[in-house]
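Input: a single structure, listed below in C-alpha cells.
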C-alpha cells in the first residue's frame, strides 16, 4: 500500500486531492498526512516515512522544486509527483526525477496513472536483482539492461523500434521480430507492428477508431491508460491469451 504525503499551502487544494484519492482503488494507498510547507513536510517524513509526496511547487519559503532536490540527493527518499498550477516548471521537475507532473485542476484518471507509475517503480525496486529478468537492447548505440517488469510497449516504426516504460521512451536498433522471440510469453503481439506486456493489459474492447474508418478493437495498457489498436488478424490470439489469464 502506497503511503502518501500531500504538500500544498492551500487547504482547498489538499481537500481536492484527498477527494480524488478516495475515488481511486488501484493501486491501494492511504494518505499518511498533509503539510503546508517544506519544513512541515520534512518534519512529518522524519516521524513517518512516505512512499510518495504529492507536491505543489508554489510553497511559501522553500519551494517544491527545492524540496524535491533534497529528495533527489538522498537515497531512500519518497517518490515525487508534482501537482501544480505552474506548467512552465515541468522540465526542471523531471530533471529532479519526478515520477509525474500534474497541472491543476487535476483529473482523477491522470492522478491514478501517476500512482500506478509509482507503484510499478516500487515493485521493480523491491525485487531482488537475481529475481528480476532484464532485456538487453541497443538504444542508438548504447547497450542498456532494462528490467523486464518495466517494459510496457514495443512498436515498430519506419526504421526503428520504440520501447516504452512508464517514464521513458527508448529508440532501439533491434528488430521487433527478434525482440518478440527474446521476450517470450510475457508479451502479446497485438498488431503487426506492436507488442505489449500481458501484465499491463487491463481490457480488450471494441471502440471507435478513426484510422479504421469506424469501429475497431483495442487494448488498454496501464499505467498510462493508453489505448492501442488490435488488428483483425491478431484479435483471436489476443482474446485467447487474455481470457487464459483472466483478463477481457
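The values are calculated or read from the model by the stated rules, or taken from the named source; none is laboratory data. The model shown is predicted, which means the values in this text are computed figures rather than measured ones. For neighbour counting, all protein chains shown are included, and Cβ atoms are generated from backbone atoms with ideal geometry for every residue, glycine included.
Taking the conditions (1) part of a helix (DSSP H, G or I); (2) within 21 Å of the chain's Cα centre (by Cα) in turn, residue 70 satisfies each one other than (2). All conditions but one from (1) more than 30 Å from residue 192 (Cα to Cα); (2) touching a residue at least 60 places away in the same chain (Cβ under 8 Å); (3) touching a strand residue (DSSP E or B) at 6+ places or on another chain (Cβ under 8 Å) apply to residue 85; the one that does not is (2). How many residues are without any contact (Cβ under 8 Å) to a residue 60 or more places away in the chain and either farther than 26 Å from residue 61 by Cβ or surrounded by 17 or more Cβ atoms within 10 Å (Cβ to Cβ) (or both) if we restrict to segment 10-27? Matching residues across segment 10-27 total 4. So which residues in segment 200-225 are modelled with pLDDT of 85 or more and closer than 16 Å to residue 163 by Cβ? Residues satisfying the conditions are 200, 221.
Every condition in (1) assigned to a strand (DSSP E or B); (2) closer than 29 Å to residue 122 by Cα; (3) touching a residue at least 12 places away in the same chain (Cβ under 8 Å) is met by residue 207 except one, and the failing one is (2). For segment 5-29, filtering for residues that are within 18 Å of residue 223 (Cα to Cα) and outside any helix (DSSP H, G or I) leaves 7. Yes or no: residue 76 assigned by TED's automatic domain parsing to the domain that holds residue 107, on the phi > 0 side of the Ramachandran plot and within 21 Å of the chain's Cα centre (by Cα)? So residue 76 passes the test.
Surrounded by fewer than 17 Cβ atoms within 10 Å (Cβ to Cβ) and within 21 Å of the chain's Cα centre (by Cα), is that true of residue 95? Yes, satisfied. A single member of 146, 179, 183 is part of a strand (DSSP E or B), in the same structural domain as residue 225 (by TED's automatic domain parsing) and modelled with pLDDT of 80 or more, and it is 146. The condition of being touching a residue at least 40 places away in the same chain (Cβ under 8 Å), surrounded by 16 or more Cβ atoms within 10 Å (Cβ to Cβ) and either assigned by TED's automatic domain parsing to the domain that holds residue 98 or out of contact with any strand residue (DSSP E or B) (no Cβ under 6 Å at 6 or more places or on another chain) (or both) does not hold for residue 65.
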